[in-house]
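First the structure, in the form of structure tokens, and then the observations on it.
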Amino acid sequence: MDEAQSIGYALVDEQLAACVNILLAVRSIVRWEGEVQEEHAVMMIIKTRRGLFEQLRQRVSELDSYDVPAIVTLPIEAGSPAYLVSGAKLGLSVQYGPLSRFCTPGNLGLML
């Protein structure tokens with residue numbers, strides 16, 4: 001938790017992320033180095049702009065203690081218009097579709 005919190009603060013402070021959510025109760029089952037392993041993990045959802053992804057990926061790789069942190073992008077195809085507008089206020093780019101009530105955000109969630 002301390003490491004995730006430290007990474008989250010760094011990303012928001014350095015303006016690489018508008019928001020970081022930290023989920024504590026994650027259990028991972030994975031095959032690693034030929035063995036099935038189970039461990040408790042912390043998952044982060046990092047909200048940023050597409051254009052910042054490479055900088056953010058590099059920074060997380062520098063700060064994270066894992067040899068191979070799981071950093072992926074998940075595009076958001078739709079969402080609550082009020083939430084998407086609030087995301088724009090946080091600095092996330094929101095693109096509106098042909099009808100203003102249907103929006104498609106230009107932000108993405110990163111999970112590690």
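Values quoted throughout were computed directly from the atomic coordinates according to the rules given, and no laboratory measurement underlies them. Because the structure is a prediction, the values reported are computed rather than measured. No Cβ is skipped: glycine too gets one built from the backbone with ideal geometry, and neighbour counts run over all protein chains shown.
Odds and ends about this structure:
- Fewest neighbouring Cβ atoms within 10 Å first, the residues R31, R49 line up as R31, R49.
- Electrostatic tally near D64: other residues with Cβ closer than 12 Å to its Cβ, Lys and Arg +1, Asp and Glu -1, net -1.
- In order along region 39-50, the phi-based Karplus estimate (6.51 cos²θ - 1.76 cosθ + 1.60, θ = phi - 60°) of 3J(HN,Hα) comes to 8, 7, 9, 10, 10, 10, 10, 10, 9, 8, 8, 3 Hz; Gly and Pro are listed as x.
- Counted charge near L11, where neighbours are those whose Cβ lies closer than 13 Å (Asp, Glu -1; Lys, Arg +1): -1
- Local electrostatic count at I22 - Lys and Arg +1, Asp and Glu -1, tallied over other residues with Cβ under 11 Å: -2
- Spin-label model distance (nm) - D2 vs T73, 7 Å beyond Cα toward Cβ: 3.4 nm
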